[in-house]
1. Just give me the residues in region 362-391 being over 20 Å from residue 410 (Cα atoms) and open to solvent by 70 Å² or more (accessible area, probe 1.4 Å), in sequence order.
2. Considering only residues that are within 29 Å of residue 15 (Cα to Cα) and of a type in the set (Val, Ile, Thr), which ones fall in region 155-201?
3. When residues of region 321-358 are filtered for being open to solvent by 30 Å² or more (accessible area, probe 1.4 Å), aliphatic (A, V, I, L, M) and more than 14 Å from residue 379 (Cα to Cα), how many remain?
4. Go through region 337-376 and give me each residue that's small (Gly, Ala, Ser) and either at positive phi or part of a helix (DSSP H, G or I) (or both).
5. Collect the residues in region 175-209 that are modelled with pLDDT of 75 or more, of a type in the set (A, V, I, L, M) and touching a Ser or Thr at 6+ places or on another chain (Cβ under 9 Å), keeping them in residue-number order.
6. Does residue 16 satisfy the condition of being of a type in the set (Phe, Trp, Tyr), at pLDDT 75 or above and open to solvent by 80 Å² or more (accessible area, probe 1.4 Å)?
7. Test residue 398 against the criterion of being among the basic types (Lys, Arg) and modelled with pLDDT of 75 or more, and give yes or no.
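The values are calculated or read from the model by the stated rules, or taken from the named source; none is laboratory data. These numbers were taken from a predicted model, which means no experiment stands behind them. Don't worry about glycine lacking a Cβ; one is built from the backbone with ideal geometry, like all the others, and counts go over all protein chains shown. Remember, those area values only see protein heavy atoms, side chains included, never the ligands or the DNA or RNA. Shrake-Rupley method; radii C 1.70, N 1.55, O 1.52, S 1.80 Å.
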Amino acid sequence: MILPNPHSLRARLLWFLLMAVVATALLQASMAYRSALAEADELFDIQMRQMALSLSPGIPVGGQLAGNPDRADDDHYDFVIQVWTVDGLSLFQSTARAALPQRAVMGFSTVKARGTTYRLFSFDTGSQVIQVAQDERVRQTMAAKLALRTVIPTLALVPLLMGLVWWVVSSSLVPVRRVQQQVAAREVDELGELTEETLPDEIRPLVHEFNLLFRRVTQAFDAQKNFVADAAHELRTPLAALKLQVQALRRAGDEASRDTAIQRLNAGIDRATRLIEQLLVLARQQSGTQATADAKSVDLVATANAVLVEMAPLAESKQLELGVDLHGNESAWVTGQSDALRILVRNLIDNAIKYTPTGGRIRVTLDTQTGATRLTVEDSGPGIAPTDRSRVLDRFYRVAGTEVSGSGLGLAIVKTIADAHQASVTLDESGTLGGLCLTVQFPPKV
């Protein structure tokens, strides 16, 4: 038995459906054939009985109904009829060669005569016995012909039904072939979404997942291209500065000049290192994988406390007052990636420490009273003008006249992480401290 290709859905569907059609047709034909045989047999019995009953008035003794023993077509009779008196006197015999018994069981019976089997029906009218017989071979041949006439239409419809199944399966799989052709016709760098319209319900979820995959791959490619472009653009200046500082170190003529050059070189290396770290963080967040990978419930209160402990020495070095207001919340749960949220909180506090003058104030607030978790960082620094607030969230944008060194990536990373967690970022003026008030609001936890 040849089995279909196990890797072809179309071949398997056609194989099993066509085999089901053939098996069903054969079963139906067999049942119809047996039923037709039974009905034909019952019909012949009724015909024999009616024939016998039609002779019930009787045949006159000495009448002219006696059969002709010399007939040459005796073998062509479908029925054999015999009539005799209760005394055994034969009154009528349709064929002399029948040689059927003159005494029989009343009703239906079966006897063997002349090398064959006869189906008999005997009927006693009171004065005569009427007997009608039929050769079983003739009976079976006629019944088979009638049964075949019933079966043949069913068998004739099998090829038509098989062709219909073939067409339905082939046409139903056309959308799969169309999607395959769309993918095959694409260029290497073409990651646009596939068309989901007019697709069957069984295929649409698969194509939808493909489109989601294409989006993630596109985000990863975009992040890679942005990282390469950003690194090439932003590292050019610090590397050139490091080269100049190395040259200054080589030209230093005394110990004081050499120490100054070394300090500047170390500061330049620190700035380049910080820039590279920020670029790497931004690239990971923009790839779209950090917020969704290992997503779980994260306690933002615990995260904020850990970051505050980490940033406390830096705040103390500038004599900053770092206050925390949790509004009585022991925990504030959000769904996301713990490392990414830690980076978001650290960048917010680091940005506030960096731009707040010595002796200033910073306040970190966590509020869950509205149902959604809201993280707010306020400072007493110079703040940001309303015209620049929408742009400081862009990569490498720095407010004109800013004297504090930086790469312009801190708030861009905050915005990227917030977007990945479906959170909103709002910049405003602090009503209490007078500087910048930056709020990140997370959606309610489901």
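1. Scanning region 362-391 gives 369, 370.
2. 158, 165, 168, 169, 174, 176, 179, 183, 198
3. Final tally of qualifying residues: 1.
4. Those that are small (Gly, Ala, Ser) and either at positive phi or part of a helix (DSSP H, G or I) (or both): 338, 340, 352, 359, 371.
5. 179, 207
6. yes
7. no
Yes/no matrix, rows are residues, columns are (1) over 26 Å from residue 211 (Cβ atoms); (2) not in a helix (DSSP H, G or I):
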{"residue": "153", "(1), (2)": "yes, no"}
{"residue": "167", "(1), (2)": "yes, no"}
{"residue": "177", "(1), (2)": "no, no"}
{"residue": "186", "(1), (2)": "no, yes"}
{"residue": "193", "(1), (2)": "no, yes"}
{"residue": "196", "(1), (2)": "no, yes"}
